[in-house]
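All remarks here apply to the structure that follows.
Values in this text are rule-based calculations from the coordinates and carry no lab data. All figures in this text were calculated on a predicted structure; none of them were measured in a lab. Here the Cβ positions follow ideal geometry from the backbone for every residue, glycine too, while neighbour counts run over all protein chains shown.
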Amino acid sequence: MVGEAIAGEVMDPGGVRVVLPLALWRDKLLRDHPELASHLPDVLRAVASPDHLAPDPVFEQRRRFYLRGAGPSRWLLAVVSYEQEPARIISAFGNRKDPRSWTK
């Protein structure tokens, strides 16, 4: 991580530093989800101030951060991996459906 360019950095609600490496933003997230190109601030806000949090259903050291009414759809979902330090955003995309564990 030393010397790696960062697209953004926030603190999650638990006070843990979370980064989004520029290469990951550009070469993975925007390649897979070009509709996010103008939503970098929303992706970071999803992690800093989520409307809903959920554990990842597969990976124990990952969490899903949901932000309502942001990004290209009803929900913006950002996945954070705590498998390394600092933690990093490893995926993000819009989602129309409410999270499974969401209660209105």
*Among Gly71, Gly94, Gly14, whose mean-square fluctuation peaks in a Gaussian network model of the chain (Cα, cutoff 10 Å)?*
Gly14
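For the chain, calculate the relative contact order in percent as a whole number, restricting contacts to Cα pairs under 8 Å that are 6 or more residues apart. Intermediate values should be presented prior to the final figure.
On the way: 192 pairs, mean separation 23.7, N = 104.
Once normalised by length, the contact order is 23 percent.
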*Among Pro72, Leu30, Val19, pick out the residue whose Cα is farthest towards the positive end of the charge dipole of the chain, where Lys and Arg carry +1 and Asp and Glu carry -1 on C-beta, about the Cα centre.*
Pro72
*So which GluC sites (Glu not before Pro) in region 10-89 pass both tests, a DSSP loop state and at most 16 other Cβ atoms within 10 Å of the Cβ?*
Glu60, Glu83
*Identify which of Val58, Val43, Val79 has the largest mean-square fluctuation in a Gaussian network model of the chain, with springs joining Cα atoms closer than 10 Å.*
Val58
*By its C-alpha gyration tensor, with a ≥ b ≥ c as the square roots of the eigenvalues, how is the chain shaped: rounded for a/c under 1.5, else prolate for a/b larger than b/c, else oblate?*
oblate
